[in-house]
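Here the structure comes first, spelled out in structure tokens, and everything after it is commentary.
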Amino acid sequence: MFEKLKLASQLGGMLKDLPKLRARMDEIKARLATTEVSAVVGGGAVQVRATCDLRITQVELAPSMIRGLASGSSADTAYANRLIAECVNAALDIARARLASELSEAAKEMDIPLPPEAVQGMLG
């Protein structure tokens, strides 16, 4: 019974702090919208930069990758497509992880216990 009362008290405190938490989260999201991360695959054949609001800002192909694409070989094209998709996904994963980490840290600073799944829910 006391556990339920304690849990209800914590929930009430979280709800009271929700506007403050949301404002802090929005502030972090705005800052991270201009923070870039990058991923590299294929030994440097493909590099992708993304912001932490999950936007791709740059895709860079190494000259060797471009030469392979210029050959017109379907195998080279398939390889390039796979590497590009892999690198884009890696960059977005890094950006999501950075955003989730920042949001979790802010919740911790505000002494609000926020389970990881709640942070993921806030990311959309």
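The numbers here are math on the coordinates, done by the rules we state, and not lab data. Source: prediction; values computed, not measured. When we count neighbours, we look across all protein chains shown, and the Cβ atoms used for this are built from the backbone with ideal geometry, even at glycine.
Lys and Arg at +1, Asp and Glu at -1: add these up for the other residues within a Cβ distance under 15 Å of R55 and post the number.
Overall, the nearby charge balance is +2.
Loop only per DSSP, at most 16 neighbouring Cβ atoms within 10 Å: give me the trypsin sites (Lys or Arg not before Pro) in the stretch 37-68, ordered by residue number.
Sparse-neighbourhood loop trypsin sites (Lys or Arg not before Pro): none present.
Can you sort T34, T57 from fewest to most other Cβ atoms within 10 Å of each residue's own Cβ?
By the 10 Å Cβ count, ascending, the order reads T34, T57.
Report the extension gain between R67 and R96 in nm, rounded to one decimal, defined as 0.36 nm multiplied by the number of residues separating them, less their alpha carbon distance.
In short, 7.2 nm is gained.
Multiply the residue gap between N89 and A33 by 0.36 nm, knock off their C-alpha separation, and tell me the result in nm, one decimal place.
Value of the extension gain: 18.4 nm.
List, in order, the whole-Hz ³J(HN,Hα) value for each residue of the stretch 105-111 obtained from phi through the Karplus relation with A = 6.51, B = -1.76, C = 1.60 and θ = phi - 60°; use x for Gly and Pro.
Ordered by residue, 3J(HN,Hα) equals 5, 5, 5, 5, 4, 8, 6 Hz.
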